[in-house]
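> For reference, the structure I am asking about is given below.
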Amino acid sequence: MRTTALIGSAVSNTFRSKTRTILTILAIFVGAFTLTLTSGLGTGINAYLADTVSGVGASDAMTVTKPSEDAATLPGAGSDEPAEYDANAVDTGIPGQSVTAMTSDDIDTVEGVDGVLRVDAQRTITPDYVQFDDGTPYTATVGSLVPGQTTVLAAGAEPDADASELQVAIPVAYVEPLGFSSDDDAVGQTVTLAITDAERTQHTVEATVVGVTEEALASPTGQSILTNEALGDALFDLQSTGLTAEQADRYTSATVWFDPAATDDEIQVLKDNLADEGFTGTTIADQLGIVTTVIDGIVLVLNAFAIIALLAASFGIVNTLYMSVQERTREIGLMKAMGMGSGRVFTLFSLEAAFLGLLGSAIGVGIAMVAGSGISAAAADTLLADLPGLTLIAFDPVSVAAIILLVTGIAFLAGTFPAVRAARADPVESLRYE
Amino acid sequence: MSTPIISVRDVHKSYGRGQNRFDALRGVSFDISEGESIAIVGKSGSGKSTLMHILALLDVPGSGTVALEGNDTAQLRGSRLNRTRNKTFGFVFQQFFLTGSNTVLENVVLPMKIAGIGGAERRRRGMAALEQLELADKAKNKAANLSGGQKQRTVIARALVNNPRIIFADEPTGNLDTATGAVVEDILFGLNREHGITLIVVTHDEDLAARCDRRILIRDGRIVEDSRAEVAA
Ligand SMILES: Nc1ncnc2c1ncn2[C@@H]1O[C@H](COP(=O)(O)OP(=O)(O)OP(=O)(O)O)[C@@H](O)[C@H]1O
Ligand SMILES: [Mg+2]
């Protein structure tokens with residue numbers, strides 16, 4: 001029997017007992033549907049995280065801070081004892097965690113650490129407000145992109161680091177309050193930034209809006225406005241008016257660049273070296289690590305449920321085919337009497353099982369993709385409206401194909417049990433009158 | 001005389017063992033020449049079907065030999081055995097063994113499908129066989145919806161579609177009324193006469209047996225009578 005004829009027979013045999021086939025397919029469908037949705041959930045969330053990684057920073061960079069004294073003696077935040085006042089302490093924004101400001105000397109030290117290619121010091125700039133065209137002023141924090149960082153843009157472009165013009169990108173949330181009619185409308189307009197120096201004198205700076213940034217989950221800048229180098233310098237100079245150079249040179253953190261080809265072990269060595277000098281290095285992976293681990297864990301558990309559903313479905317396949325073999329004893333006997341080999345009989349029944357699996361999984365995956373897209377769209381407008389750019393359930397062709405293959409494979413394996421029985425059938429026994 | 005197409009020598013077959021051992025065949029020997037029509041008759045349980053299964057290479061004898069054109073069939077194994085059965089034999093059973101949910105044509109082309117013959121060729125030869133049995137108009141019907149006589153004619157079409165040299169028929173008319181049975185008999189003997197296909201019929205029906213060239217009577221697993229018809233066809 002030719003293979004094509006065998007496949008054709010397998011397919012048409014599948015539709016012979018329609019009710020039973022449909023019920024079996026339904027069972028497989030449930031498993032494939034669940035598996036597709038859960039893995040889609042993993043894909044969607046992890047893709048979103050991967051997107052935001054570049055927003056947090058380049059993968060060959062780490063953030064270096066100087067932990068405050070008590071944090072060093074009492075590792076792990078959340079001490080109940082009151083902390084002694086430290087004039088150099090900088091609030092990290094995370095309750096209970098503070099770092100000591102880094103000085104130019106510290107930056108030099110970090111630069112000298114083995115494995116450090118380059119250091120970018122991060123200044124703290126605290127403007128008073130941002131205002132457009134004499135409208136309502138709004139408080140704002142300032143962030144800047146280090147080379148290699150990107151941000152998700154709603155309109156316009158990122159501030160040009162090399163431009164001498166004072167450029168700024170404002171978050172989406174600021175567009176309407178400031179008085180712009182749309183994201184695109186904001187691009188090209190001039191806003192006023194106010195900043196107060198150490199002598200309590202307020203200065204203002206005019207800057208051109210070049211872009212509107214989306215609010216991203218792991219963005220380092222969050223709701224802060226993004227400045228280019230030139231604007232950052234201008235604001236910092238105004239803020240430092242009246243301070244000595246030593247007082248002005250205070251940095252919250254520094255970005256350290258290392259060899260992009262560095263292995264995990266080499267990165268760990270670099271961290272240890274920094275720790276010896278009294279600094280803490282945190283890579284993007286460190287920052288996202290826990291989140292990814294948690295999400296992977298959840299997806300794994302969900303996938304496990306889907307697999308259980310599939311296993312249940314595979315018993316359905318075994319049952320369906322055993323019944324089918326039972327019913328078709330005569331037919332099998334006849335085919336063998338007519339010279340069909342046991343191997344071909346086995347293949348025929350295995351193919352029927354695989355076809356059931358293929359059908360169930362294709363339908364399951366198809367409907368899951370439609371449902372998943374619908375759920376994502378609905379969630380994006382309601383539950384997850386605060387996380388633009390997140391597609392809750394995403395599908396990549398590789399994992400979709402993998403699911404179909406997996407389910408078909410499971411079905412095939414389940415089918416081998418009844419197929420062996422069919423292959424072993426003795427034609428004489430099968431053809432005996434009842 | 002040419003080599004017999006089938007030659008049976010001292011064939012024994014027993015089922016079960018020990019206390020339950022039952023000897024279904026106890027030393028059967030005979031030759032079948034090509035183009036003969038043979039009736040195997042005997043009481044129920046005498047071993048007719050057992051003998052037929054051994055002749056058709058569906059079962060192996062406990063001892064003794066079955067030779068096909070002088071070649072010992074004990075040497076035939078696996079795919080060679082399957083190919084021999086597929087090419088040489090056609091089967092007609094009392095119970096038809098048609099797949100009811102498949103069409104008449106699909107049932108008829110099954111042996112060719114097993115032989116690995118292409119779809120177009122299958123269809124052509126399948127239709128030709130149905131034509132021969134005046135069933136062409138039923139080709140697309142489901143086999144389950146046929147009358148008994150039509151079913152048996154479908155089975156005969158299936159048996160001859162691969163141009164077999166021997167057709168085995170186990171009670172071919174057992175499930176049919178006399179008139180329909182007579183039609184089926186006519187077809188079988190027609191094939192025997194016109195195409196020289198060797199016909200081996202297992203039957204209770206003495207009238208059917210009488211139409212054969214030769215009649216082998218079996219009792220308790222032994223041949224007790226082997227007679228040729230007085231008037232040669
Ligand atoms: N698989 C088996 N196990 C045990 N005994 C068997 C088996 N097959 C056949 N027999 C016995 O062998 C004997 C011959 O059986 P067989 O089917 O050849 O009879 P038969 O002549 O064809 O009868 P009938 O005319 O009723 O079809 C019977 O007594 C039957 O019970
Ligand atoms: Mg019998």
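The values are calculated or read from the model by the stated rules, or taken from the named source; none is laboratory data. Just so it is clear, the structure is predicted and the values come from calculations on it, not from any experiment. Cβ atoms come from the backbone with ideal geometry, glycine included; neighbour counts cover every protein chain shown. For the accessible areas, the whole protein counts, side chains as well, though only heavy atoms, and no ligand, DNA or RNA atoms are used. Shrake-Rupley method; radii C 1.70, N 1.55, O 1.52, S 1.80 Å.
> Test of understanding: in a Gaussian network model of chain B with alpha carbons linked when under 10 Å, which of B:L98, B:L146, B:L208 would top the mean-square fluctuation ranking?
Between B:L98, B:L146, B:L208, it is B:L146 that shows the largest mean-square fluctuation.
> Using the crude model of +1 on Lys and Arg Cβ and -1 on Asp and Glu Cβ, and no other charge, please compute the dipole size for chain A relative to its Cα centre, in debye to 20.
5180
> I want to verify a result. In a Gaussian network model of chain B, Cα cutoff 10 Å, which of these has the top mean-square fluctuation: B:G47, B:G126, B:G18?
So, out of B:G47, B:G126, B:G18, the one fluctuating most is B:G18.
> Return a whole-number percent for the relative contact order of the stretch A:339-434, with Cα pairs under 8 Å and 6 or more residues apart as the contact set.
Reported relative contact order: 51 percent.
> Looking at the stretch A:97-282 only, what percent of DSSP beta bridges run antiparallel? Nearest 5 please.
75
> For B:110-122, what's the mean count of beta carbons from other chains sitting within 10 Å of each residue's beta carbon?
Partner-chain Cβ atoms within 10 Å, mean over residues of B:110-122: 5.
> Which distance in nm do the two modelled labels at B:T103 and B:R123 give, with both placed 7 Å along the Cα-to-Cβ direction?
Result: 0.8 nm between the two label points.
> Let me ask something additional. Work out, in µm²/s and without decimals, the Stokes-Einstein translational diffusion coefficient of chain B at 4 °C, 1.567 mPa s, Rh from Kirkwood over C-alpha pairs.
71
> Would you pull out the residues with amide H under 5 Å of A:L392's amide H, same chain only if 5 or more places away, H placed 1.01 Å from N?
Those lying under 5 Å, H to H, from A:L392: there are none.
> Using the Cα centre as the reference, give the magnitude of the dipole from point charges on the C-beta atoms of the stretch A:111-180 (Lys, Arg: +1; Asp, Glu: -1; all else neutral), rounded to the nearest 20 debye.
Values: 2 positive and 11 negative charges, 38 e Å.
Using Cβ point charges on Lys, Arg, Asp and Glu, the stretch A:111-180 gives about 180 debye.
> On to the next question. Quick one: length gained pulling A:R2 to A:D108 fully straight, 0.36 nm per residue minus the C-alpha distance?
30.5 nm
> For peptide A:339-347, compute the average count of partner chain beta-carbon atoms within 10 Å of each residue's beta-carbon.
What the average comes to for A:339-347 is 4.
> Return a single number: how many Lys pairs in the protein assembly as shown, at a sequence separation of 8 or more or on separate chains, have alpha-carbon atoms below 24 angstrom apart.
Qualifying lysine pairs in the protein assembly as shown: 24.
> Follow-up. For the Cα atoms of chain A, what angle does the longest principal axis make with the long axis of helix A:397-424, in degrees from 0 to 90, nearest 10?
Between the helix axis and the principal axis of chain A, the angle is about 20 degrees.
> Something else about it: Counting only protein heavy atoms and using a 1.4 Å probe, what share of the accessible area of chain A belongs to carbon plus sulfur, as a whole percent?
59
> Helix B:119-132 against the longest principal axis of chain B: what's the angle in degrees, Cα atoms only, rounded to the nearest 10?
Approximately 80 degrees, to the nearest ten.
> Next up: Restricting to the stretch B:57-215, compute how many DSSP beta bridges are antiparallel as a %, nearest 5.
Bridges in the stretch B:57-215 that DSSP calls antiparallel: roughly 25 percent.
> Using +1 at the Cβ of each Lys and Arg and -1 at the Cβ of each Asp and Glu in the stretch B:1-70, identify which of B:A67, B:T3, B:T50 lies farthest towards the dipole's positive end.
B:T50
> Report for the protein assembly as shown the percent antiparallel among DSSP-assigned beta bridges with both residues inside it, nearest 5.
Around 65 percent of the beta bridges assigned by DSSP in the protein assembly as shown are antiparallel ones.
> Once label points are set 7 Å from the Cα along Cα→Cβ at both A:I307 and A:D264, what is their separation, rounded to one decimal in nm?
A separation of 2.1 nm, rounded to one decimal place.
> When the Karplus curve 6.51 cos²θ - 1.76 cosθ + 1.60 is applied with θ = phi - 60°, which whole-Hz ³J(HN,Hα) does each residue of the stretch B:43-55 get, with x for Gly and Pro?
Result, ordered by residue: 5, 4, x, 6, x, 5, 5, 4, 4, 4, 4, 6, 4 Hz.
> I would also like to ask the following. Could I have the simple spin-label model distance between A:T126 and A:A380, label points 7 Å from Cα toward Cβ, reported in nm to one decimal?
3.9
> Counting residues in the protein assembly as shown as N, plug N into 2.2 N^0.38 Å and put the Cα Rg over that result. Please list the in-between numbers first.
Numbers: Rg = 43.2 Å, N = 667, 2.2 N^0.38 = 26.0 Å.
Normalised by 2.2 N^0.38 Å, the Cα Rg of the protein assembly as shown equals 1.66.
> Keeping every protein chain in place, order A:R16, A:R118 by accessible area at 1.4 Å, biggest value first, i.e. largest first.
The residues order as A:R118, A:R16, largest area first.
> Find the sum over both chains of the accessible area lost when B and A are paired, probe 1.4 Å, and report it in Å² to the nearest 100. Before the final figure, lay out each step's value.
Numbers: alone 11680 and 22230 Å², together 31760 Å².
In total, this chain pair buries about 2100 Å².
> Residues of B:87-97, mean number of Cβ from any other protein chain within 10 Å of their own Cβ, rounded to a whole number?
On the way: counts 1, 1, 3, 1, 4, 0, 5, 1, 5, 2, 8.
Partner-chain Cβ atoms within 10 Å, mean over residues of B:87-97: 3.
> Can I ask one more? Using a Gaussian network for chain A with springs between C-alpha atoms less than 10 Å apart, which of these wobbles most: A:L274, A:L243, A:L235?
A:L243
> Check B:A39: other-chain or 5+ apart residues with amide H under 5 Å from its amide H, H built from backbone geometry?
Placed amide hydrogens put B:V201, B:R214, B:R215, B:I216 under 5 Å from B:A39.
> Let me ask something additional. How high is the relative contact order of the stretch B:6-228, in percent, with contacts defined as C-alpha pairs under 8 Å that are six or more residues apart?
Over the stretch B:6-228, the number comes to 30 percent.
> Hey, what angle do you get for helix A:3-14 against the long axis of chain A, alpha-carbon based, 0 to 90 degrees rounded to 10?
Once rounded, the angle reads 90 degrees.
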